[in-house]
1. Of all residues in the stretch 196-243 being over 30 Å from Asn48 (Cβ atoms) and of a type in the set (Ser, Thr, Tyr), which is surrounded by the fewest Cβ atoms within 10 Å (Cβ to Cβ)?
2. Would you point out the residue of the stretch 185-202, among those that are in a loop (DSSP other than H, G, I, E, B) and in contact with a strand residue (DSSP E or B) (Cβ under 6 Å, 6 or more places away or on another chain), that is farthest from Glu45 (Cα to Cα)?
3. Take Leu55 and decide whether it is over 25 Å from Thr177 (Cβ atoms), in contact with an Asp or Glu (Cβ under 9 Å, 6 or more places away or on another chain) and either not hydroxyl-bearing (Ser, Thr, Tyr) or not in a loop (DSSP other than H, G, I, E, B) (or both).
4. What single numbered condition from (1) in a strand (DSSP E or B); (2) over 21 Å from Ala153 (Cβ atoms); (3) touching a Phe, Trp or Tyr at 6+ places or on another chain (Cβ under 8 Å) fails to hold for Thr238?
5. Say we look at the stretch 188-201 and pick out the residues that are touching a Ser or Thr at 6+ places or on another chain (Cβ under 7 Å) and among the polar types (S, T, N, Q); which of these is modelled with the lowest pLDDT?
6. Go through the stretch 203-234 residue by residue and tally those that are outside any strand (DSSP E or B) and either in contact with a strand residue (DSSP E or B) (Cβ under 6 Å, 6 or more places away or on another chain) or aromatic (Phe, Trp, Tyr) (or both).
7. Mind checking which residues of the stretch 68-83 are closer than 16 Å to Thr121 by Cβ and assigned to a strand (DSSP E or B)?
8. So Ser169 clears everything in (1) of a type outside the set (A, V, I, L, M); (2) within 24 Å of Phe232 (Cβ to Cβ); (3) modelled with pLDDT of 95 or more except one condition, right? Which one?
Amino acid sequence: MQKITCLLFALFMCKCPLKAQTAEPSKAVDKRTLQIELESIYSIEKENISESKSLSTPNFLCRYGVLKNVELQLSIPIIKEDYYEHNELVYSTHKFDDTQLGFSINLWNEKKWLPEAALMTRAYLHYQSNLKFDYVGQTISLNLSNTLTKKLALNYNFGYAFEKNTELSWFLITNLTYNLSSNWSVFIEYTGNNTTNNNYLQNGITGISHQINDSFSFDFGFSKGLNHSQFFTGGRLTWVIKT
């Protein structure tokens, strides 16, 4: 099982589902291991006269180790959104957001100061009412990690994301996790996303993780925009099944 599970904010793309530690792991799940992640995030974002509220109810992410170093990924986000102008509700929707399909492959193991590394990519498919999917974008990232001490670990991701007919948007995520005990840890995280209109959006994230047993873990965190008006909080339950 991954030592550090992922959760809170993800602006890999302009239409990415939210998470609560966002740093993706630098190692795929073990072969013939199924990892199911259920997360629910509440977000509020304000801009001038408008306000957007979003609740994932929940997001579903499935990771499966098909080979020793390769993991397949499937994500199906379910999101409720409310949009306001001048404090008046303009519209409300409850829908399936863009389905994500991809994989992660291990590149090399950690050696002294050489970080552990994995390459991850996901395609974003928009669900249509006629039971068809339309390709809308993709993200690709290099996921790295260093074990600094027995209790302190550094995870960091670099990557590009793009939507169909738009320019590339690069992102950076850094996560520092400290193990309080064998089953409790705390984390702080920084995310930066250079959007297609050249606005560099930054968020600070903090939270706590609990390893319930060998099969279950739970994360909780909250985040605030550092240079834009956004707040979100939420949690995620991770279930690992040896198949």
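The values are calculated or read from the model by the stated rules, or taken from the named source; none is laboratory data. Note that the coordinates shown come from a computational prediction; the quantities given were computed from them, not determined experimentally. Quick reminder, even Gly has a Cβ in these numbers, built from the backbone with ideal geometry, and neighbours come from all protein chains shown.
1. Across the stretch 196-243, the extreme among qualifying residues is Thr243.
2. If we take residues in the stretch 185-202 being in a loop (DSSP other than H, G, I, E, B) and in contact with a strand residue (DSSP E or B) (Cβ under 6 Å, 6 or more places away or on another chain), then Thr196 is farthest from Glu45 (Cα to Cα).
3. Spelling it out, Leu55 is indeed over 25 Å from Thr177 (Cβ atoms), in contact with an Asp or Glu (Cβ under 9 Å, 6 or more places away or on another chain) and either not hydroxyl-bearing (Ser, Thr, Tyr) or not in a loop (DSSP other than H, G, I, E, B) (or both).
4. It is condition (2) that Thr238 fails.
5. So, considering only residues that are touching a Ser or Thr at 6+ places or on another chain (Cβ under 7 Å) and among the polar types (S, T, N, Q), the one modelled with the lowest pLDDT is Thr196.
6. Total meeting the criteria: 5.
7. Listed by number, the residues that qualify are Val70, Glu71, Leu72, Gln73, Leu74, Ser75.
8. (3)
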